[in-house]
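These notes are about the structure you will find just below.
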Amino acid sequence: MRTVVLIGGGALVASPLVAPPLKAQTDSTTGAPSPAVVHEPVALRVLRRLPPPFTAAAVGNVLGAPEKWGRTWDGYGKRLGDQFGFLLVQEGVLHGMRALLPWEPLPTDCGRAGSGTSFPRLVVARVGCSLRTTTTLQTVDGDIRPNVPFAVALVTATAASLTWRPERATAVKARSFVAQRLTISFSGTVVKRALFPPKPPPQPARPD
């Protein structure tokens, strides 16, 4: 297991927890080395997603949801803890699922979707591309598969967060929370990918 050095908050942090070793790939035609598929470390994914929990907790505090936590600093702290707990469970499950199912993101550049068209068509193209890359992955052979790791991680993190939230007290509130959390998290991911499309990963050479 190697050590990956992460840059965060102006400091260098060595993390031995992440990034499985990359397998060398060669071009099946020329035999030349091809770019390896880079798996982003779990710790780096968490660091990149730090701002959303703070924002979501602030919005929840303003709306007073859940009501039992109140609109206080204590309530904000509980909401922030809820957001970070959800994030950590989701990223942990994602890491495990991706180890079991080593499928890769689609080699689609959503940043180019709808280029040169009117703004409404650009938005439609971006959202459509984002929806496709969020819900599907591909195997090393190029076969399309549903994004099972994302779905399992989202459901697991939602179920885990329900164990410490006050909505667990009644079945009606629990079902409402689960539906809202799944809808908001999924749609938020699609919108984020549409607004800030991730660059497609380099693809390994396919076997003959």
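Observations, loosely collected:
- Here r is the Cβ-Cβ distance between LEU101 and THR55 and R0 is 35 Å; the resulting FRET efficiency, rounded to 0.05, is 0.70.
- Taking packing as the residue-averaged number of other Cβ atoms within 10 angstrom, the listed peptides 55-64, 144-153 run from highest to lowest as 144-153, 55-64.
- LEU137 long-range amide H proximity, modeled H, under 5 Å: ARG145, ASN147
- Protection proxy ranking, highest mean first, for peptides 75-88, 118-131: 75-88, 118-131, where packing is the per-residue count of other beta-carbon atoms within 10 Å, averaged.
- ³J(HN,Hα), Karplus 6.51/-1.76/1.60, whole Hz, each residue of region 109-120, x for Gly, Pro: 8, 5, x, 9, 5, x, 4, x, 10, 5, 4, x
- Summing +1 for each Lys or Arg and -1 for each Asp or Glu among the other residues whose beta-carbon sits under 11 angstrom from that of SER130 gives +4.
- Between ARG145 and TRP73, the modelled labels are 4.9 nm apart [label points 7 Å from Cα along Cα→Cβ].
- Other residues with beta-carbon under 14 Å from the beta-carbon of VAL148 carry, at +1 per Lys or Arg and -1 per Asp or Glu, a net charge of 0.
We did not get these values from a lab; they are worked out from the coordinates using the rules stated. What you see is a predicted model; the values in this text were computed from it and never measured. Cβ: placed from backbone, ideal geometry, glycine included. Neighbour counts: every protein chain shown.
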